[in-house]
Amino acid sequence: MPMLLPQLSRRQFLKRAALAGTAIAFAPPIYAAVADKTRDENTFAFFSDIHIAGDVTTKHSDVNMADNFTACVRQLAAWPVKPATVIVNGDLAFQTAQPADYATFAKLIEPVRAIAPIHLSFGNHDGREAFWSAFPSDAATQSATALKRQATVFASPHANWFLLDSLIATNSTPGEVGPAQLAWLTQELDKRTDKPAIVVVHHHPQFTDKVPGLQDTAVFLAALAARRQVKALIFGHTHDWQVTQHDSGIHLINLPPTAYLFQAGRPNGWVRATLAADSAEFELRALDPKHPEHAQVKLLKWRTA
Ligand SMILES: [Zn+2]
């Protein structure tokens, strides 16, 4: 069951904005701001660990998560081009995946629906059923698969994208790909060896015993490493922006949170990625423009096929 919120047409968008009233009052200006921009089919925007609570005034670690997410959305709307796709990589909800969290998330994500189609992944603070209650019309268009995970594949000019669902239990820290989803992933990867593959999942591959991440890291990474088309693995969960490389040559991109940090001084914000045939640029767009890592562009060259 893929989690895709399609981009809305101008007509649909303005009608919904009018019906929703002041809650998304800044949505029509965003539509006007992005309407004339061209779309770059090779540019992607990532938000992760947004942790939206039902009450927009909720703070955690002195951070207002709704304000942070909204600031990131405004920055995306101000970006010179429209991205091909926006990916929100899990922990959409605050902590316990309340229907009210998703109702507020639906309002805050609405302006993004003027910009691009949105793929959503689940993290350990999400709940699959509560999520769909906030998107009844979109839920109706989704078809169930035997996987019972929100995993999907989509293509872009320079890469095939594989989005996974690593949620085991709401509000419990560890995650897993799981044998059934891993079997599905390897099958889908093996059907698509013509282009680079980029895999996206909420939980980080866990190489040390610090924050619990993917419990099946070893078997998952072995499956990716053995498939030479896999060039990058993108994840969140640790609330810490890091770009490293696995021994196999696969790039490991740890997205920053838009919400609170676990370690003072680290950046929060969003990430812009632009793909080429043999590489990709990843750029941190920190909420604090004075952060030393803000606007740093990492050029990642793909390992050979
Ligand atoms: Zn999180």
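Derivation of every value follows stated rules applied to the coordinates shown; laboratory data play no part. In this text the structure is predicted, and so the values were computed from the model without any measurement. Positions of Cβ are generated from backbone atoms using ideal geometry, with glycine treated the same way; all protein chains shown enter the neighbour counts.
Here are some notes:
- Between helix 179-190 and the chain: long-axis angle, C-alpha atoms, 0 to 90°, nearest 10: 80
- Distance violations [Cα-Cα > 25 Å] among LYS82/LYS298; LYS59/LYS82; LYS15/LYS107: LYS59/LYS82
- For the chain, share of DSSP beta bridges that run antiparallel, in % to the nearest 5: 55
- Electrostatic tally near THR186: other residues with Cβ closer than 14 Å to its Cβ, Lys and Arg +1, Asp and Glu -1, net +1.
- Overall shape: rounded for the chain, with the ratio a/c of the largest to smallest alpha carbon gyration tensor axis below 1.5.
- Helix axis angle, 65-78 relative to the chain longest principal axis, alpha carbon, degrees: 90
- Acute angle (nearest 10 degrees) that the helix 99-109 long axis makes with the longest principal axis of the chain, alpha-carbon atoms: 80
- Based on DSSP H segments of at least four residues, each scored -39500 (n - 2.57), the chain has a per-residue ellipticity at 222 nm of -7000 deg cm²/dmol.
- Gap separating the Cα centres of segment 151-201 and segment 212-285, nearest whole Å: 14
- Prolate/oblate/rounded label for segment 195-284 (Cα gyration tensor, a/c 1.5): oblate
- Fluctuation leader among THR70, THR104, THR58 - the chain, Gaussian network, Cα springs under 10 angstrom: THR58
- Global geometry of segment 35-94, whether rounded, prolate or oblate, following the gyration tensor of its Cα atoms and the 1.5 cut on a/c: prolate
- Extension gain for ARG228 to ALA276 (0.36 nm times residue separation, less C-alpha to C-alpha distance): 15.6 nm.
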